[in-house]
Each structure stands twice: as C-alpha cells, then as structure tokens.
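Notes to accompany the following structure.
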Amino acid sequence: MDMPKAPNSPYVLHYTSYDSKTNGAGEKCTLEVDAVIGADGANSRVAKSINAGDYEYAIAFQERIRISDDKMKYYENLAEMYVGDDVSPDFYGWVFPKCDHVAVGTGTVTHKADIKKFQLATRLRADSKITGGKIIRVEAHPIPEHPRPRRLQDRVALVGDAAGYVTKCSGEGIYFAAKSGRMCAEAIVEGSENGKRMVDESDLRKYLEKWDKTYWPTYKCLIYCRSILQVESSKEAFVEMCADEYVQR
C-alpha cells in the first residue's frame, strides 16, 4: 500500500488478480482508493503499513475431524469446552461442531511450545465421542489478546483481528469482527455524506469511539475472567458458575 502524497490524494493498493483466464502467476494490478479498512486478519499487512504496533497473542491449534453421522448427532445442539492444565494452563480446549465434522483444538499464551501436547490431551478428553474419526485438516493461527496500540491513522482504520478485537477469556472474534466492520462502514458512509465528500480521520474516529463505548466494558470483564482461569483451584468454580442460566444470558 502506497501512502498518499498529499492530504486528499488516494491510497494506492497493489495486489494480484487471479482468474481462470490467467496463468498461476496472476495479473499485477493497482487500485486507487479514498480510504482503507484493514480487515486482513491477525497478521494484517494494513496494520504494518500504518505502524499499528503489536499485541500479545495466543496460539490456537485445531484438527478438523470427520466423525460418523451417529456421533455427529451428539453435537447437533452443543459445543464442548474443556479446562485444566492438561489441555491448557491458561486457555481451554474445545470441540466445536461444523457442518459435517467437528473442530477439536486448544490454545495457549504462556506455553506455545507445548501446544501439540495440549492438543493430544484435548483429543483424549473427547476420545469416546470422536473415536474412528478421520483428520481432514490441521490448522494453527495466532489469536490477538488485546487491541493494537493504534487502530487508526488518517484514512486507514483496522477492524476485526487486524485491530486485535478478540476477547481474552473466550477467544471469540467473529462477532466483534462483524460488528466493527459494520460500524466502520457506517462511519464512512455517514462521514462521506453517501460519497459526496472525502472522509478524514475525524470521521473514522467516530467508529472507534462507538466501538469502545459499546464493547470495552465486555473486554474488561473477560480480562478478569481470564485471570480466574489461570488459577487451577478456581477453574471448576468458574465452570459451575457458567452453568447458571442467568450467567449464560
């Protein structure tokens, strides 16, 4: 991404276009734009281009496992989360149902080198329910632990994982990615008066102010919950608390 050479000059994006008519190398293209929304994930190139800074991160590892239809019925209306030092000293293990398979995984911030050991323990926890399953895909990726130091510069704003919008306790990011993307788009539409004027940093800052006001209390609460999960004696009490219907709501 080339930065503007003057206050109202465009950003120039360089990318490769792929389609069935070109060879494997694709076609080098450029695009001039008034504003950029960085929605390119935890390893965001847009974030690097504006020196947005780094964040602490957890590493997540999961295996997608295809199990029999009978076993899939068990997960028809539920997902499983496991806590304990065997599956992760500071995160949790999980079995999340997908369309025709389950995702079995775990994560950690403090013991990244042991992630495969924790993954094996998670599989053992779920063993009776996934026995006979076939691993169809293995995935690993970083999970941001907090928002980046900078999420906005001039006419460039970050959303989702690129901004670091993942809750520290649960690792949930999809909801906040969708919400931040919508808020940022709405700020651009409003600030540009539906495309009649050039947006500036003050227009995009309205998105950040709205996001922080709406979701920062949630983050503070879940940071506290994460501190509970780091104490082994508190984990079972935390699980029992989460079983309460009021807490779930």
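A few remarks follow.
- Qualifying residue in region 89-103 (condition: over 25 Å from P147 (Cα atoms), modelled with pLDDT of 95 or more and over 26 Å from the mean Cα position of the chain (by Cα)): no
- Output for region 46-72, where each listed residue is more than 15 Å from the chain's Cα centre (by Cα) and under 23 Å from D200 (Cβ atoms): V46, K48, S49, I50, N51, A52, G53
- With respect to the conditions (1) within 23 Å of M3 (Cα to Cα); (2) in contact (Cβ under 8 Å) with a residue 12 or more places away in the chain, G195 lacks only one, and its number is (2).
- If you go through region 164-187 and keep only what is of a type in the set (V, I, T) and surrounded by fewer than 20 Cβ atoms within 10 Å (Cβ to Cβ), you end up with just I174.
- The criterion of at least 2 residues that are without any contact (Cβ under 8 Å) to a residue 40 or more places away in the chain and surrounded by fewer than 20 Cβ atoms within 10 Å (Cβ to Cβ) is met, among helices (runs of 4 or more DSSP H) falling completely within region 86-163, by 115-125, 127-130.
- Qualifying residue in region 114-131 (condition: more than 18 Å from the chain's Cα centre (by Cα), modelled with pLDDT of 95 or more, over 21 Å from R64 (Cβ atoms) and small (G, A, S)): no
- Restricting attention to region 166-213 and to residues that are of a type in the set (V, I, T) and part of a helix (DSSP H, G or I), the residue that is nearest to the chain's Cα centre (by Cα) turns out to be I174.
- Boolean, Y15 is surrounded by 11 or more Cβ atoms within 10 Å (Cβ to Cβ), more than 30 Å from R205 (Cβ to Cβ) and not assigned by TED's automatic domain parsing to the domain that holds S202: no
- Considering residues of region 57-77 that are in contact with a His (Cβ under 7 Å, 6 or more places away or on another chain) and not hydrophobic (A, V, I, L, M, F, W, C) only, the residue farthest from T110 (Cα to Cα): R66
- If you check K116, K210, K129 for being among the basic types (K, R), closer than 30 Å to K73 by Cα and in contact with a helix residue (DSSP H, G or I) (Cβ under 7 Å, 6 or more places away or on another chain), only one passes: K129.
- Single residue of S49, S20, S44, S88 found to be over 25 Å from A177 (Cβ atoms) and not charged (D, E, K, R): S20
- Qualifying residue in region 34-45 (condition: farther than 19 Å from T167 by Cβ, in contact with a Phe, Trp or Tyr (Cβ under 8 Å, 6 or more places away or on another chain) and among the aliphatic types (A, V, I, L, M)): yes
- The residues of region 112-151 that are in contact with a Ser or Thr (Cβ under 8 Å, 6 or more places away or on another chain) and farther than 20 Å from F96 by Cβ amount to a single one, D114.
- Residue satisfying all of: in region 151-192; out of contact with any strand residue (DSSP E or B) (no Cβ under 8 Å at 6 or more places or on another chain) and of a type in the set (K, R); nearest to K5 (Cα to Cα) among these: R182
- Among the residues of region 23-42, those identified as surrounded by 12 or more Cβ atoms within 10 Å (Cβ to Cβ) and outside any strand (DSSP E or B) are G26, D34, A35, A39, D40, G41, A42.
The values are calculated or read from the model by the stated rules, or taken from the named source; none is laboratory data. All values reported here derive from a predicted model rather than from experimental measurement. Here the Cβ is made from the backbone with ideal geometry for all residues, glycine too, and neighbour counts use every protein chain on show.
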